[in-house]
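See below for the structure under consideration.
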Amino acid sequence: MLRRPVAARIVVLVLTLGGSPASLALAEAPPLSAAPRARGPAIVWSPPGGLTAGTLTVADPQGRVRTFRFTDAPTLPLFDAQGLPLVDGVYSWELRGVVPTGEEVPERPFVQSGSFTLADGAIVPPGLPEPAERRGLSKDQMVPDDLIVDGKGCIGLGCAANEAFATEALRLKQSVVRLRFEDTSAQAGFPARDWQLSANDSASGGADRFSIEDLTAGTTPLTIRGGAPTHSIYVDAQGRVGLGTATPAAPLNAVGSYAGDASIWVRNTSPTGFSGISFYNHANTNGFFFGLDNARSETRLNSVASFPFVVFTNNTERIRIQPGGNIGLGCTDPGSRLVIGAGGASTCATAPFSSINPGSSTFTTSSSRAFKKNLAPVEVPDILQRVSGVGVYTYDFIDGPKDRLGLVAEDFHHVFGRGSDQLIQGGEVEMALWLAVQRLTRDKENLEARLAEVEAQLQTLLRAKR
């Protein structure tokens, strides 16, 4: 398809959330305002007062999803990284953040979503009118009793005489189709929430959708977009939920639609650039997260980007596995097969670390004074006696390796007071032996000095006898 010149496609759409009743995107509740105007090659959202940071997530017509972290006005460029214009079609968007509320509750979560349409590189204006529908000339009728229709019914301005029905018993037919449930309960204690089933956005450029709307709260708890595949959501007779499958084998069973598709994707908005599964505590604090680092792709396999796998606890990265297999513990850029950072270091180059290289079984450990504090020399005058007090045994592990040679944890712990009576740290054994060697070295030096002194005395006596 031939496209218009770039200059003709540079437009800006400003969405003022929570403003006037003109709606670009999702629903009539809560209303969104739209004010398209040229302000550069981008779409810009103007969030409500107080929302100065958060995430903007956009899904394009092909289902690709991108997330942008913003600290000012959330913005979507109309051109991709290669300078090509965005494809035509319906885009879905979602804004997430927090807004201040008051002293008792300093802030509350803010979530708003909607859609817009690009056609020939331009945004479809939301206020285009539809042709007027035929209206009947008869007046309203009130039926003060039950209404029983022995046949099929059509309700709406689009219904015509001799309507051709299919298998449905009731048809709603007009340009804006809504089925509203208004609860007239007025007595205290009785539920009185109003709901609505909505088919498609009412404004031009909106989305084909089917939604359940909570009119009282002004929210849309459930939306199904037009074109969703069969069994996008399926609940079997045992209550198991299938996503993309009619035969769920677990309480939640997600199946991708094509090779390489993620079976399940729960997007994480903090820290930015990551997607995966998060677990929150009762205070809504992200305590555990595992997923992919979307900003650090390394290679491509079958045209699919490969991303590092990461694990966070307490909003701090603990484990990273690179697509090539390198593993970092407290290290975000492991250059060896296994790299251990110190103190949760964010990089490996600026912090002490231990590492093991491919083809090696030996750790290389940083031990500079620059990385240590509270240094105090160790003096163990009776080190040789202590070493002699720890026996060496041959043994067989119960249900494990046989004919081993080594120490017993209880003996080492009793003599040296280090570690525990169940485990031995190899480094502490090495240091005990190091201290013993130092003691033997000092004893050897003392003996050599004493021997030299005795030899000198002997030479003096021999010269005196001559």
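The values are calculated or read from the model by the stated rules, or taken from the named source; none is laboratory data. Owing to the predicted nature of the structure, the values given are computational and were not obtained by experimental measurement. Every residue, glycine among them, receives a Cβ derived from its backbone with ideal geometry; neighbour counts consider all protein chains shown.
Which ones in region 367-402 are among the β-branched types (Val, Ile, Thr) and under 26 Å from ARG442 (Cα atoms)?
If the condition is that a residue be among the β-branched types (Val, Ile, Thr) and under 26 Å from ARG442 (Cα atoms), then VAL378, VAL380, ILE383, VAL387, VAL390, VAL392 are the ones that fit.
In this structure, does GLU213 turn out to be at pLDDT 95 or above, touching an Asp or Glu at 6+ places or on another chain (Cβ under 6 Å) and either under 24 Å from GLY156 (Cα atoms) or surrounded by 13 or more Cβ atoms within 10 Å (Cβ to Cβ) (or both)?
no
Hey, could you check region 341-371 for residues that are more than 17 Å from PHE309 (Cβ to Cβ) and part of a strand (DSSP E or B) and say which is modelled with the lowest pLDDT?
Here the residue is PHE353.
Which condition breaks for GLY242 when tested against (1) at pLDDT below 95; (2) more than 30 Å from PHE289 (Cα to Cα); (3) part of a strand (DSSP E or B); (4) not hydrophobic (A, V, I, L, M, F, W, C)?
(2) is the only condition that GLY242 fails.
Only one residue in SER185, SER204 is under 37 Å from the mean Cα position of the chain (by Cα) and assigned to a loop (DSSP other than H, G, I, E, B). Which one?
SER204
Could you pull out every one of the strands (runs of 3 or more DSSP E) wholly within region 42-83 that has 1 or more residues that are among the basic types (Lys, Arg) and either within 22 Å of the chain's Cα centre (by Cα) or not assigned by TED's automatic domain parsing to the domain that holds ILE123 (or both)?
65-70
Exactly one condition in (1) surrounded by fewer than 16 Cβ atoms within 10 Å (Cβ to Cβ); (2) over 25 Å from GLY226 (Cβ atoms); (3) modelled with pLDDT under 80 is not met by GLN82; state its number.
Single failed check for GLN82: (3).
How about region 405-459: which of its residues are at pLDDT 90 or above and not in a helix (DSSP H, G or I)?
The answer is LEU405, GLY406, LEU407, VAL408.
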